[in-house]
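The values are calculated or read from the model by the stated rules, or taken from the named source; none is laboratory data. On a predicted model such as this, the values are computed, not experimentally measured, just so you know. Cβ placement follows ideal geometry from the backbone for every residue including glycine, while neighbour counts extend to all protein chains displayed.
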Amino acid sequence: MSELTLENIIIREASLNDAKILFELSNDDRVRENSINTDKIEWENHVNWLKEKIISSNYYIYLFFYDKNFIGQVKFEIEDKEAIISISIVNEYRGKKLAAPMLLKGIESFLKIAKNVEKIVAYIRPENQSSIKSFNKVGFNFHEQTMIKKIKFNKYFLVSKNSE
Ligand SMILES: CC(C)(COP(=O)(O)OP(=O)(O)OC[C@H]1O[C@@H](n2cnc3c(N)ncnc32)[C@H](O)[C@@H]1OP(=O)(O)O)[C@@H](O)C(=O)NCCC(=O)NCCS
């Protein structure tokens, strides 16, 4: 097996064939705990959700692989000139400092396509330190604390170079 370095990590957009790996990752306890909707996801709802997102021109899901092993995802939802970003990494690949490089690669790929997006927004729970550190590392700045569904989230911004 090649070394776990950035050069050996492959990024590509998700397709419907990825439904199972995305389903497992999305139902991981830490992923659910840190999401806005913490309920477990049902398979049928997941497949319908993925079908809709794959054809949508406002939604981009990037998957990362190392030697054919699924590492995680970075996804974007466009709302006008802003895009909301989120990241999740498969349990076995956490703690290996992959989050920041994955964010960078994901953002780079996304901004090549989403030319009108001026700002990328991340909502992170204040206790989610590994996520906060990773977003800070790639240039996101704290904007404000906000309540979503009665849960406290920190809102972070990254201003896109596309806006210059
Ligand atoms: C958030 C997530 C993507 C971060 O990835 P990760 O593999 O755990 O983190 P990394 O190994 O890349 O480390 C990122 C930084 O956080 C630090 N860190 C890791 N775990 C930590 C912890 N429990 N407390 C504080 N810092 C921590 C690391 O030391 C590193 O900082 P450094 O480079 O300054 O030393 C991953 O934990 C995950 O998928 N979590 C579940 C889903 C989630 O929370 N998504 C984010 C929603 S906004």
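Points worth noting:
- Residues of the range 53-88 that are free of Cβ contacts under 8 Å to residues at least 24 places away in the same chain and of a type in the set (A, V, I, L, M): Ile55 alone.
- Some residue of the range 105-120 being more than 22 Å from Leu22 (Cα to Cα) and within 15 Å of the ligand (Cβ to nearest atom): yes
- Within the range 18-32, if we keep just the residues that are in contact (Cβ under 8 Å) with a residue 12 or more places away in the chain and within 12 Å of the ligand (Cβ to nearest atom), the residue that is nearest to Val90 (Cα to Cα) turns out to be Leu25.
- Here Glu77 fits the description: out of contact with any helix residue (DSSP H, G or I) (no Cβ under 6 Å at 6 or more places or on another chain) and at pLDDT 95 or above.
- Within the range 131-164, the set of residues being hydroxyl-bearing (Ser, Thr, Tyr), in a helix (DSSP H, G or I) and either exposed (fewer than 13 other Cβ atoms within 10 Å of the Cβ) or modelled with pLDDT under 95 (or both) comprises Ser163 only.
- Glu127 being among the acidic types (Asp, Glu) and away from the ligand (no atom under 14 Å from the Cβ): no
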